[in-house]
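The values are calculated or read from the model by the stated rules, or taken from the named source; none is laboratory data. On a predicted model such as this, the values are computed, not experimentally measured, just so you know. FYI the Cβ positions are ideal-geometry reconstructions off the backbone, even for glycines, and counts take in every protein chain you see. Only protein heavy atoms, including side chains, enter the accessible area calculation; ligands, DNA and RNA are left aside. Shrake-Rupley method; radii C 1.70, N 1.55, O 1.52, S 1.80 Å.
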Amino acid sequence: MSSHIIQNAFLAFASYDPDRISAVLTEDAEWLSPPGNAVAVALGTTHHMVGRQAIVRFFAEGFPRLFVRDLDVTFPTVHADSERGFAEASVQATLADGNHYSNDYCFVFEFRDELIHRVREYVDTARGHRMIFAGMPR
């Protein structure tokens, strides 16, 4: 049952629709990703989002500025119970500069009342930087 929460949440995130995204998060949700990760750096955002509004803003406004089309998230592995879950994910997309993005992630979730309360994101940050900043002068 909770694995469906994870999959439905990522469908909502990929929709860029603020109402759909808001509907899968608790009011006090948190999203923690690695400090200095390429997505946060490219968008000028924090790696630790606190509150539903901040997370909704990121996925509805920031995310589509970087991942402009062909966003595809697949889940080779998803395990969850009523309180916690994790998902291995492969993310593919076309970036704003036209380059291809492909990276693997692991997400650890905490649920409350069948909503996402906390996400800890793990990703190869060096790979992300190589793809997102490939065409930029150093």
Checked against the positive end of the charge dipole of the chain (+1 on Cβ of Lys and Arg, -1 on Cβ of Asp and Glu, about the Cα centre), the farthest of Ala29, Phe111, His48 is His48
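What dipole magnitude, in Debye to the nearest 20, does the chain give about its Cα centre under +1 on Lys/Arg Cβ and -1 on Asp/Glu Cβ?
Details: 12 positive and 18 negative charges, 105 e Å.
Magnitude of the dipole: close to 500 debye.
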Looking at segment 70-128, what % of the alpha carbon pairs are farther apart than 16 Å? 52
With all protein chains present, how much of the accessible area of the chain (probe radius 1.4 Å) comes from carbon and sulfur, to the nearest whole percent? 51
Please report how far the C-alpha centroid of segment 77-130 lies from that of segment 6-61, rounded to the nearest whole angstrom. 11
Please list, short to long, the whole-number percent of alpha-carbon pairs of the chain in consecutive 5 angstrom bins beginning at zero. 2, 11, 20, 25, 23, 12, 5, 2, 0, 0
Net charge (Lys, Arg +1; Asp, Glu -1) of residues whose beta-carbon lies under 11 Å from that of Pro18, Pro18 excluded, is 0
How far, in degrees from 0 to 90, does helix 2-15 lean away from the longest principal axis of the Cα atoms of the chain, to the nearest 10? 40
